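Report on one structure; see the data block that follows.
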């Protein structure tokens, strides 16, 4: 099943934007995120492709769902000027994806929106765990090229290591100062945007490996994403950590992730001046 509104296979070459699934959860402790791409695609068909707040029909934007890609084969992806969205999969998929785009000078910085810092040196003897992904990316790209938004959980060791090395806009800051507080950090650079769906409050996104209380609303998350897309040259976005095995019976986590992909597509197309209402 393709993402709702996708061009047909015969028209795929006409696309301005591309969507890929990355069904991998080998670096997660609780398995199931490998089923995330399929669940998000299925959920997308439960939503209208007409975005009411923007009065925009998404299928007019010409995006193509290219199917799934093996995370071990990302170096074989055809790189072109089309902006891309990758649907995970656990958050560890972001490192090999970022590595490929960074090596080709397609991106120069990463902005991550996540409940967790993901800055451990190693977790359960795995240096490529989803709990270590931002540490690995920062080591590759440079700590000055990392911005974390929405964080509300880390170990004490992670915090001490990262607090003076990267720029952080945590969940409390967003709630107290509003999403506009991140504007000063947005410099219109070539950006990889990584979104862990557990940044949302577990009341509206229970289907994640590590739910963290006191999270963002979908409205706030969408507003942050739109602000980033309006002020940075975002080349690639990923949406990770949807685990259908842990979701509620109505699949609300997958539905919210699908809606977020809709918002990213609208932002790619330049529709960033109207904040979404959910």
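The values are calculated or read from the model by the stated rules, or taken from the named source; none is laboratory data. Keep in mind that what you see is a predicted model, and the values were worked out from it rather than measured. Virtual Cβ from ideal backbone geometry, glycine too; neighbours counted across all protein chains shown.
Within this structure, residue 80 fails the test of being in contact with a strand residue (DSSP E or B) (Cβ under 9 Å, 6 or more places away or on another chain), closer than 20 Å to residue 241 by Cβ and surrounded by fewer than 19 Cβ atoms within 10 Å (Cβ to Cβ). Within the stretch 158-172, the only residue that satisfies the criterion of being assigned to a strand (DSSP E or B) and over 25 Å from residue 105 (Cα atoms) is 169. For the stretch 55-77, filtered to residues that are within 21 Å of the chain's Cα centre (by Cα), in a loop (DSSP other than H, G, I, E, B) and at pLDDT 90 or above, the residue that is surrounded by the fewest Cβ atoms within 10 Å (Cβ to Cβ) is 70.
Taking every residue in the stretch 54-71 that is at positive phi and without any contact (Cβ under 8 Å) to a residue 24 or more places away in the chain and pairing it with any residue that is surrounded by 13 or more Cβ atoms within 10 Å (Cβ to Cβ) and in a strand (DSSP E or B), at least 6 positions away or on another chain, yields no pair with a Cβ-Cβ distance below 9 Å. Scanning the stretch 2-32 for residues that are part of a loop (DSSP other than H, G, I, E, B), more than 30 Å from residue 129 (Cβ to Cβ) and in contact (Cβ under 8 Å) with a residue 40 or more places away in the chain yields 2, 4, 5, 6, 7, 15, 16.
Applying the condition of being in a helix (DSSP H, G or I) and modelled with pLDDT under 95 to the stretch 183-218 and asking which residue is nearest to residue 271 (Cα to Cα) yields 183. Within the stretch 40-54, the set of residues being closer than 23 Å to residue 14 by Cα, in contact with a strand residue (DSSP E or B) (Cβ under 9 Å, 6 or more places away or on another chain) and not in a loop (DSSP other than H, G, I, E, B) comprises 41, 50, 51. For the stretch 243-251, the criterion of being on the phi > 0 side of the Ramachandran plot and modelled with pLDDT of 95 or more is satisfied by at least one residue. Would you confirm, using the coordinates I've provided, whether residue 270 is out of contact with any helix residue (DSSP H, G or I) (no Cβ under 8 Å at 6 or more places or on another chain), surrounded by fewer than 19 Cβ atoms within 10 Å (Cβ to Cβ) and within 26 Å of residue 56 (Cα to Cα)? Spelling it out, residue 270 is indeed out of contact with any helix residue (DSSP H, G or I) (no Cβ under 8 Å at 6 or more places or on another chain), surrounded by fewer than 19 Cβ atoms within 10 Å (Cβ to Cβ) and within 26 Å of residue 56 (Cα to Cα). Selection of the stretch 229-246 for residues being crowded, with 23+ Cβ neighbours inside 10 Å and assigned to a helix (DSSP H, G or I) yields only 229. Within the stretch 153-185, how many residues are buried (at least 16 other Cβ atoms within 10 Å of the Cβ), over 22 Å from the mean Cα position of the chain (by Cα) and free of Cβ contacts under 8 Å to residues at least 24 places away in the same chain? Residues in the stretch 153-185 being buried (at least 16 other Cβ atoms within 10 Å of the Cβ), over 22 Å from the mean Cα position of the chain (by Cα) and free of Cβ contacts under 8 Å to residues at least 24 places away in the same chain: 0 in total. Do you know which residues across the stretch 186-242 are out of contact with any strand residue (DSSP E or B) (no Cβ under 9 Å at 6 or more places or on another chain), closer than 24 Å to residue 106 by Cβ and in contact (Cβ under 8 Å) with a residue 60 or more places away in the chain? Passing the criteria: none in range.
Any chance the stretch 247-267 includes a residue that's assigned to a loop (DSSP other than H, G, I, E, B), crowded, with 18+ Cβ neighbours inside 10 Å and in contact with a helix residue (DSSP H, G or I) (Cβ under 7 Å, 6 or more places away or on another chain)? Don't jump to the end; show me each part of the working.
So in the stretch 247-267, the residues assigned to a loop (DSSP other than H, G, I, E, B) come out as 247-251.
Subsequent filtering for residues that are crowded, with 18+ Cβ neighbours inside 10 Å retains 247, 251.
This time we only want the ones that are in contact with a helix residue (DSSP H, G or I) (Cβ under 7 Å, 6 or more places away or on another chain), so: 247, 251.
Yes, the conditions are met somewhere in the stretch 247-267.
Within the stretch 119-157, being within 18 Å of residue 90 (Cβ to Cβ) and in a helix (DSSP H, G or I) holds for 133, 134, 135, 136, 137. What number of residues within the stretch 102-118 satisfy the criterion of being more than 15 Å from the chain's Cα centre (by Cα) and not in a loop (DSSP other than H, G, I, E, B)? Residues flagged as more than 15 Å from the chain's Cα centre (by Cα) and not in a loop (DSSP other than H, G, I, E, B) within the stretch 102-118 amount to 2.
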